[in-house]
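Student: Take this structure, written in structure tokens, and hold onto it; I'll ask about it next.
The values are calculated or read from the model by the stated rules, or taken from the named source; none is laboratory data. Here the structure is a predicted model, which is why all the values come from computation and not from measurement. Every residue, glycine as well, gets a Cβ built from its backbone with ideal geometry; the counts of neighbours run over all protein chains shown.
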Amino acid sequence: MSMINYASREINCKIVYYGPGLGGKTTNLEYIFNKVAPNTRGKLISLATESERTLFFDFLPVDLGTIRGFKTRFHLYTVPGQVYYNASRKLILKGVDGVVFVADSQVERLDANIESMHNLYENLAEYGYDLRQIPFVIQYNKRDLPNVSPVEELDQHLNPDRVPSYEGVATTGVGVFDTLKAVAKLVIKSLG
């Protein structure tokens, strides 16, 4: 899980943005990257491999305060949304400290959201993690579109444990920092 670097007095925490393809995970990270002060962030890195040509592996460290004299550095990752990239999704989850599930609110994407949520539980279980024991929040993205499911319906299918959830429009930043702050606070609380 989190790594402590005593030499630099930093606690490094890993937050993974998970969800169906084209749901807004990368858009969330790009928005955060563009709004965070350049002196508090690293580079936004995107990787594509031969076998996974559209895979974007976004990495963004963000400084968000101190714990017992240690700076907290958050490393934000996205997973490829398509389930056929499951090996990469699983690998990116290794050592995770917090998860943001970015759901696509469009009515026709409900099955893809459910499939991705089940995939998240399965992949975490392979590492011996229980999502109910990990800092976890949900963002219902694309709330600006005309054909969105009501939040109550999304909660019924995706949020049975009633974790914190936020409505979002990642393209304009609505809910993006609320979601990040919520998961970051839960991660910090879990360290204490």
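Student: For D58, all conditions in the list (1) at pLDDT below 80; (2) over 17 Å from P20 (Cα atoms) hold save one; what is the number of the exception?
Tutor: (2)
Student: Here's a follow-up. In the range 146-169, how many are assigned to a loop (DSSP other than H, G, I, E, B) and either basic (K, R) or surrounded by 14 or more Cβ atoms within 10 Å (Cβ to Cβ) (or both)?
Tutor: Count: 6.
Student: Mind checking which pairs have a first residue in the range 153-181 that is free of Cβ contacts under 8 Å to residues at least 24 places away in the same chain and closer than 16 Å to N113 by Cβ and a second that is surrounded by 20 or more Cβ atoms within 10 Å (Cβ to Cβ) and aliphatic (A, V, I, L, M), Cβ under 6 Å, 6 or more apart or different chains?
Tutor: Taking only residues 6 or more apart or on different chains, the pairs are N159/I138.
Student: Another one. Checking the structure you have, find out if any residue of the range 23-41 is at pLDDT below 75, part of a loop (DSSP other than H, G, I, E, B) and within 15 Å of the chain's Cα centre (by Cα).
Tutor: Checking the range 23-41: not a single residue is at pLDDT below 75, part of a loop (DSSP other than H, G, I, E, B) and within 15 Å of the chain's Cα centre (by Cα).
Student: Say we look at the range 63-77 and pick out the residues that are buried (at least 17 other Cβ atoms within 10 Å of the Cβ) and modelled with pLDDT of 65 or more; which of these is farthest from K25 (Cα to Cα)?
Tutor: Ranking the qualifying residues of the range 63-77, first place goes to F70.
Student: Can you tell me how many residues within the range 139-152 are farther than 21 Å from L29 by Cβ and touching a residue at least 12 places away in the same chain (Cβ under 8 Å)?
Tutor: Residues meeting the conditions: 4.
Student: Okay, next question. Filter the range 124-145 down to the residues that are of a type in the set (S, T, N, Q) and either surrounded by 22 or more Cβ atoms within 10 Å (Cβ to Cβ) or touching a strand residue (DSSP E or B) at 6+ places or on another chain (Cβ under 7 Å) (or both) and list them by number.
Tutor: Those that are of a type in the set (S, T, N, Q) and either surrounded by 22 or more Cβ atoms within 10 Å (Cβ to Cβ) or touching a strand residue (DSSP E or B) at 6+ places or on another chain (Cβ under 7 Å) (or both): Q139, N141.
Student: Within the range 1-20, take every residue that is more than 13 Å from the chain's Cα centre (by Cα) and outside any strand (DSSP E or B) and give me the one that is surrounded by the most Cβ atoms within 10 Å (Cβ to Cβ).
Tutor: Checking each candidate, the answer is S2.
Student: Free of Cβ contacts under 8 Å to residues at least 40 places away in the same chain and assigned to a helix (DSSP H, G or I): is that true of D111 in this structure?
Tutor: Yes; evaluated as a whole, the condition is true for this residue.
Student: Does the range 110-123 hold any residues that are surrounded by fewer than 18 Cβ atoms within 10 Å (Cβ to Cβ) and out of contact with any His (no Cβ under 7 Å at 6 or more places or on another chain), and which are they?
Tutor: If we filter the range 110-123 for residues that are surrounded by fewer than 18 Cβ atoms within 10 Å (Cβ to Cβ), which is where we start, we get 111, 114-115, 118, 121-122.
Residues satisfying the conditions are D111, E115, H118, Y121, E122.
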